[in-house]
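Following: one structure in structure tokens, then a few remarks.
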Amino acid sequence: MASNFELLSEQGLRLDGRRPHELRHIKCKLGVFEQPDGSAYMEQGNTKVLAAVYGPHQAKGKKTESNDVIINCQYSQATFSTAERKNRPRGDRKSLEFKMYLQQALSAAIKSELYPRSQIDIYVEVLQADGANYAVALNAATLALIDAGICLNEFIVACTASLSKSNIPLTDISHFEEVSGGPKLTVAALPTAEKIAFLEMSERFHIDHLETVIETAMAGCREIRDILEAAVKEHLLHMGSAADWARVC
Amino acid sequence: MLRVTQTKNSLLDGASIAEELYTTPKDGEDFFESLDKPEKEPTKLAPRNTFIRPGVLTTVRGSAYMEYGNTKVLAIVAPPKELIRASARRMNMGVLNCYVNFAAFATGDLESVAERERHLGSMLTKAMEPVVCRTEFLNFQLDIRVLILDDDGCLLSTAINCCGVALVECGISTYDLITASTACIFRDHVFLNPSAKVEELLWKHRGNSNTNATSSTSSVQEHGLIITASMDTFEQIAQCQQCGYLSPATYVKLLDYTLTINKSLRQLIRGVLTKRVKEQHELDLREKAESALEDQRLEDIIEKLKKQGLDEFIQSNIKEDPYVKRI
Amino acid sequence: MAYVALSEAEKTYILHGVEDDFRCDGRSRRDYRPMELETGLVSNASGSARLRLANTDILVGVKTEIDVPNPLTPEFGKLEFFVDCSANATPEFEGRGGSDLAQELVLSLQNAYESPLAFDYRTLCLIPGQQCWKLYIDILILECGGNLHDAVSLAAKAALFNTKLPRVTATLLDAGITDLIISDNPYDCTRIGIETVPLLVTVCKIGDYCLVDPSAEEEVCSTVSVVVSVSMRNGEPFLSGTHLTGGGAMHRDTMRNCLQLGLSIGEHLDKLLTKMLKLEQERVGPKRPKTVGFLK
């Protein structure tokens, strides 16, 4: 793919017809499975992710010594999730890297002081990969944690951003835009507190643009946060409506 | 050059593909023609020359060596030991693990060996699980190791037989004696205890088995292989692995053949084990006699000592050093 | 396997239920739990299916690749199974924890699909002796609620039904080299015949009775089960790979009964599945389907 590929058309539309600041269509659902303590499904465009949370439970193995909560993540990608078949669902460098990033971002959100000497398992399964895998995985994990009833400081959401040739920042980039050679910036943030928990960037652009790109990603985060919050409310309304307590206020 | 990377079906043990890179589908036809085919309904059991020897190794508690025709297998059972993996623990049962290994010279096909070993191991585990009283070693694991020295068909069934003997030799409590055998059907010919060549034919040339069947779809040419492990005191089937394509009637027919072979094999293995026990008993007797002799000798000495008193005993036992000159 | 701990009393309760032909969830011994099936929901795969059998959740994706056929079977394509036990199902599967179970399932499936009568490998042939399709059937286990063998085989069959192979035309170049042209049109595709594709039916023995579709709790109570692989050919059931599992033994006559039960259930199941797949195909139609997926 040529690196000087233009991501924006003359009309100011992206390859999939979105405007620069537009997110992909987000659909999500909490409580997809029975067995885990919390589970969630998240669809962002064509990227589809399942997340499951087990715990908090007693820490296993040698990790019991420390007094803190152990956040154990696993990131795996189904073998049929990408256009080219993957040989292994997990254990490769990329998934180990993502696993670390997930741990890092989530430990910023979980109220760890409430769970001493315990362990929380978060398993993420990417069913279909179409760009921004890490961001969607993290969003799904957040929903699953909420479904499991684990105390969080705040929603932790992630969003990606890029910069087109004409220096217009783009939100939530797809796989095609990712491989077209533009820069990619991933931000995991606590939007209300306006804190950034994790930031990663590939490729390069001039430092003058950094602030605008981060601000674009943060705007994306805020927007996703609103969607997730609506989903959680919807879910609780649905769950609680049997006893009719959710509609009291 | 074309290179075969297709993995073998480990149920059809015999095949070793890499040795013959240049075989064509026609070779199979030729071989099938040259084969003296058994009758459609076999009446004889087609036994092979069998040699079983329990306790071949002195360093492990339970070991057995078995030759079944040209198939040669060595099985080793170590006494149960504590579970290594706590996650493998089961509620009220011990864990049984079987490992199968090919001797380096037993196979020419190196690529798929590791996978075949794993497949055979898992199938062997399934066959051996019902026979071992696993309730007796809760929280322990029992490891059975099998070394394949030579492979001429009926590999899994021979391994099962051999493991059964090794288990008894080790003194692990079992519910019954386990025996196993193989039968297969290929172009309406039933082969009992098929050799490696027949098994290879069945697997490699499966493509040609129904060249006619495609035109006349009403007649389906069955082909398939059955490995049955049974415990005959209560006529229990411990494992029955089938592959290929069989009608239910043929399946039951083959099952019955293998069960009959198992019964005759059971007689043989029982004989071997009884002999082994007798032999062991004799060995024990001899050992006892020897130790009794030794005891007797010591007793004599003590008796002498008592009679003579210490000084005299020492004097009588002093022998002159021939190299020291007496002054 | 996801392990369920049951007390003796619970086991006895299940056992008595089976004896009275009235199981814990109200089924008889020959009944299946409700199933949900959807095809074509993974757009990156050539074919896909998701099956939910009560609490068992399976997602299957079929990927295609062009390969060289085995010289001994020049007219045959290739199949490869891969099972991944997702840690979403149970934390025991984290890392390589599910590999034993995965291997067992792969072995059963491989064995069942091995015969050319069970799966017509000829439809995967492009140029005999030179090029063939290789299908990767990737199975993802998302939740374990018992009876994995049946669920996996049903989902695999549905995914194969959904698989679309792009139409390939070959042109002969100089020196006998052939060049493959793969159609760009996503609607110009061939499908795979699934009439004879086998289904696995687990017949589980609890107490003195045999039953089908055991739940996870019932699996714990059972001493032994027979996995019967049923392939329908010309309206008659055939066996294409059967084995015992569960660490117990059974009498020959019990075995025959189990086979009979498995075969009749398999026949019925096959009919229903084919019917449902036809309906699903009509629902989806030629247009891009609107998938429900996990959002139900």
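If you take just the strands (runs of 3 or more DSSP E) that sit entirely in region B:116-204, which of them hold at least 1 residues that are acidic (Asp, Glu) and more than 14 Å from chain C (Cβ to nearest Cβ)?
Because the criterion is at least 1 residues that are acidic (Asp, Glu) and more than 14 Å from chain C (Cβ to nearest Cβ), the strands (runs of 3 or more DSSP E) in region B:116-204 that meet it are B:140-150.
Within region C:89-110, identify whether any single residue is at the interface with chain A (Cβ under 10 Å from one of its Cβ atoms), of a type in the set (S, T, N, Q) and touching a residue at least 24 places away in the same chain (Cβ under 8 Å), and answer yes or no.
There is at least one residue in region C:89-110 that is at the interface with chain A (Cβ under 10 Å from one of its Cβ atoms), of a type in the set (S, T, N, Q) and touching a residue at least 24 places away in the same chain (Cβ under 8 Å).
Just wondering, is there one or more residues in region A:70-93 that are in a helix (DSSP H, G or I) and of a type outside the set (D, E, K, R)?
no
Given the condition within 12 Å of another protein chain (Cβ to nearest Cβ), more than 20 Å from the chain's Cα centre (by Cα) and either farther than 22 Å from B:Gln241 by Cβ or among the polar types (S, T, N, Q) (or both), answer yes or no: does some residue in region C:132-142 qualify?
Yes, region C:132-142 contains at least one residue that is within 12 Å of another protein chain (Cβ to nearest Cβ), more than 20 Å from the chain's Cα centre (by Cα) and either farther than 22 Å from B:Gln241 by Cβ or among the polar types (S, T, N, Q) (or both).
Can you tell me how many residues in region C:47-66 are within 8 Å of another protein chain (Cβ to nearest Cβ), touching an Asp or Glu at 6+ places or on another chain (Cβ under 6 Å) and at pLDDT 90 or above?
Qualifying residue count, region C:47-66: 2.
Might you check whether a residue that is touching a strand residue (DSSP E or B) at 6+ places or on another chain (Cβ under 8 Å), touching a residue at least 12 places away in the same chain (Cβ under 8 Å), in a strand (DSSP E or B) and on the phi < 0 side of the Ramachandran plot occurs anywhere in region C:216-223?
no
Hey, could you check region A:99-138 for residues that are of a type in the set (D, E, K, R) and part of a helix (DSSP H, G or I) and say which is surrounded by the fewest Cβ atoms within 10 Å (Cβ to Cβ)?
For region A:99-138, the residue satisfying everything is A:Glu113.
Looking only at region C:215-240, how many residues end up being over 21 Å from B:Pro248 (Cβ atoms) and surrounded by fewer than 24 Cβ atoms within 10 Å (Cβ to Cβ)?
Within region C:215-240, residues that are over 21 Å from B:Pro248 (Cβ atoms) and surrounded by fewer than 24 Cβ atoms within 10 Å (Cβ to Cβ) number 8.
List, please: which pairs have Cβ atoms under 6 Å, are six or more places apart or on different chains, and start with a residue in region C:144-165 that is within 14 Å of another protein chain (Cβ to nearest Cβ) and more than 30 Å from C:Cys132 (Cβ to Cβ) and end with one that is assigned to a strand (DSSP E or B) and not aromatic (Phe, Trp, Tyr)?
Sorted first by the residue in region C:144-165, then by its partner, the pairs are C:Gly145/C:Thr56.
Here's the yes/no breakdown for (1) within 28 Å of the chain's Cα centre (by Cα); (2) crowded, with 23+ Cβ neighbours inside 10 Å; (3) of a type in the set (Gly, Ala, Ser); (4) at pLDDT 80 or above:
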position: B:Gly207; (1), (2), (3), (4): no, no, yes, no
position: B:Leu225; (1), (2), (3), (4): yes, yes, no, yes
position: B:Thr228; (1), (2), (3), (4): yes, yes, no, yes
position: B:Thr233; (1), (2), (3), (4): yes, no, no, yes
position: B:Cys243; (1), (2), (3), (4): yes, yes, no, yes
position: B:Thr250; (1), (2), (3), (4): yes, no, no, yes
position: B:Asp256; (1), (2), (3), (4): yes, no, no, yes
position: B:Gly271; (1), (2), (3), (4): yes, no, yes, yes
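Here is a list: A:Asp208, A:Asp244. Which entry is in a helix (DSSP H, G or I), at pLDDT below 95 and exposed (fewer than 14 other Cβ atoms within 10 Å of the Cβ)?
Of A:Asp208, A:Asp244, the one residue that is in a helix (DSSP H, G or I), at pLDDT below 95 and exposed (fewer than 14 other Cβ atoms within 10 Å of the Cβ) is A:Asp208.
Somewhere in region A:235-242, is a residue more than 26 Å from A:Ser107 (Cβ to Cβ), in contact (Cβ under 8 Å) with a residue 12 or more places away in the chain and out of contact with any Phe, Trp or Tyr (no Cβ under 8 Å at 6 or more places or on another chain)?
The answer is yes, given that some residue of region A:235-242 is more than 26 Å from A:Ser107 (Cβ to Cβ), in contact (Cβ under 8 Å) with a residue 12 or more places away in the chain and out of contact with any Phe, Trp or Tyr (no Cβ under 8 Å at 6 or more places or on another chain).
In region C:114-151, which residues are part of a helix (DSSP H, G or I) and either touching a Ser or Thr at 6+ places or on another chain (Cβ under 8 Å) or of a type in the set (Val, Ile, Thr) (or both)?
Correct list: C:Tyr121, C:Thr123, C:Leu148, C:His149, C:Asp150, C:Ala151.
Listed here are the residues, each with its yes/no results for (1) over 20 Å from B:Leu255 (Cβ atoms); (2) within 8 Å of chain B (Cβ to nearest Cβ).
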| position | (1), (2) |
| --- | --- |
| C:Glu217 | yes, no |
| C:Ser225 | no, no |
| C:Pro237 | no, yes |
| C:Thr245 | no, yes |
| C:Leu259 | no, yes |
| C:Gly262 | no, no |
| C:Leu272 | yes, no |
| C:Leu277 | yes, no |
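Which condition breaks for C:Glu195 when tested against (1) surrounded by fewer than 24 Cβ atoms within 10 Å (Cβ to Cβ); (2) over 22 Å from the mean Cα position of the chain (by Cα); (3) at negative phi?
Only one criterion is unmet by C:Glu195, namely (2).
Starting from residues that are surrounded by 23 or more Cβ atoms within 10 Å (Cβ to Cβ) and of a type in the set (Gly, Ala, Ser), keep the ones in region A:72-98 and report whichever is farthest from C:Gly40 (Cα to Cα).
A:Ser76
The values are calculated or read from the model by the stated rules, or taken from the named source; none is laboratory data. Every value quoted in this text rests on a predicted model; they were computed, and no experiment measured them. In this analysis, Cβ positions are derived from the backbone assuming ideal geometry, glycine residues included, and neighbour counts consider all displayed protein chains.
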